[in-house]
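S.K.: This is the structure, below, for whatever I ask next.
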Amino acid sequence: MKDPYLILGLLEKKENKLLDDKIVKAAYMQLVKQYPPEHEPERFMQIRKAFEQLETHKKRLKYDFLDTTLPDLQDLSILLPKKPLKRPSLKQVQQLLG
């Protein structure tokens, strides 16, 4: 999913720390009027999910801290080794332990 601040058009206000609950709700209401669910259901669902993530100060803090600092699960594949790891033999372990 895209950044909810971007979906609601609040990215600039976020960076300037000018956000409060009223501004988030006003942006949401404006977009709902522009993209009603009966005409553009997919776009409406994106807007709704973005609003649910940012509608209160507490939720915005949670999103800002958790969702932007933790990598996506898809990106965790870069942490895995390219080749499967081989289990060391008993002889190799004995050599390491001396």
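Here, each number is a calculation from the coordinates, and none is a lab measurement. This one's a predicted model, so the numbers in the text were calculated from it and none came from an experiment. Neighbour counts are summed over all protein chains in view; Cβ atoms, including those assigned to glycine, are modelled from backbone coordinates with ideal geometry.
S.K.: So, in region 1-41, of the ones that are in a helix (DSSP H, G or I) and of a type in the set (Phe, Trp, Tyr), which residue ends up nearest to LYS62 (Cα to Cα)?
M.R.: First, the residues of region 1-41 that are in a helix (DSSP H, G or I): 4-7, 11-15, 21-34, 41.
If we keep only those that are of a type in the set (Phe, Trp, Tyr) as well, we get 5, 28.
Values: TYR5: 13, TYR28: 19 Å.
Among them, the one singled out is TYR5.
S.K.: Scan region 4-51 for residues that are surrounded by 13 or more Cβ atoms within 10 Å (Cβ to Cβ), without any contact (Cβ under 8 Å) to a residue 24 or more places away in the chain and of a type in the set (Asp, Glu) and jot them down.
M.R.: GLU40
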